[in-house]
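Everything below concerns the one structure shown next.
Laboratory data are not the source of any read-out in this text; all were calculated from the coordinates shown. These numbers were taken from a predicted model, which means no experiment stands behind them. For neighbour counting, all protein chains shown are included, and Cβ atoms are generated from backbone atoms with ideal geometry for every residue, glycine included.
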Amino acid sequence: MYDPIELSKIIEKLVTKDKLKKYYRFRPTGFYGGIATADTVGCNLRCEFCWSVNSVWNTKNTGEFFSPEQVARTLNTLAKKKNYRQVRVSGGEPTIGKDHLIKLLKNIDSSLLFILETNGILLGEDKKYIDQLSQFHNLHVRVCLKGCNPKEFSFLTGAKKGFNYQLKSLEYLKDKALNFNIAVVSLKNDKKELYEKLQEMGLGKIMIEDEEITLYPQVERRLKKEGLIDYFK
């Protein structure tokens, strides 16, 4: 098992260079009713069900380096061309490379909503990160919890810790009054334990969505190799 904080440091050295960061694709997508998307490289988790094969599992040999200004310009242009009102970074963990992300956000057209899709671990580990994010009024944070408790988190991700950092990120986002919602990946039909925990944290009114696990061919092959496929079907 691995430590996602330590893995973040390793991955950051591979995918960032000064304020540059690796990306492998820019595209329009139909999510959220239409959104301009930049797919970044590198993640601090190794979820068994992850669909981003090259971005996550072959970080060193995937993508090219782009400046935050280049990424913002591409997203702004793509959104305008497609008449979208939203942009995002997907494909990897966008909070890796804080300087790059903050500079990127500064260059996004203020009329566009930036949806930050994150596992929240680095935000929960460093409250000052969320302090910096709070300056952006066109930001919405979507924190995807991996499991309903620390045990399921470790089962799904292979990490020895991290779930509590995810919960901390929600606490910090609430304290700074940022716009955010919660997504949950879980194999449990009964999520009462998690919902009660969120209620205790004062997050009962925050939108919660179930994130479906899609068994793409490469995902199914990985799960079969690990002997885990029966848990996901």
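Assorted remarks:
- Using a Förster distance of 25 Å, the FRET efficiency for Arg85-Ala177 (Cβ separation, nearest 0.05): 0.70
- As a size descriptor, the averaged projected area of the C-alpha convex hull of the chain was calculated at 12.0 nm².
- Rounded to 5, percent antiparallel among DSSP beta bridges of the range 4-232: 30
- Inter-centroid distance (Cα atoms) of the range 109-125 relative to the range 172-233, Å: 17
- Axial C-alpha extent at least 20 Å, average Kyte-Doolittle at least -1.0 - helices from the chain (DSSP): 68-82
- Spherically averaged projected area of the range 104-197 from its Cα convex hull (nm²): 6.4
- Farthest positive-ward along the chain dipole, Cα basis, beta-carbon charges - from Gly92, Phe232, Val184: Gly92
- 27 Å Cα-Cα threshold exceeded, pairs from Lys128/Lys191; Lys9/Lys188; Lys168/Lys191; Lys146/Lys225: Lys128/Lys191; Lys9/Lys188
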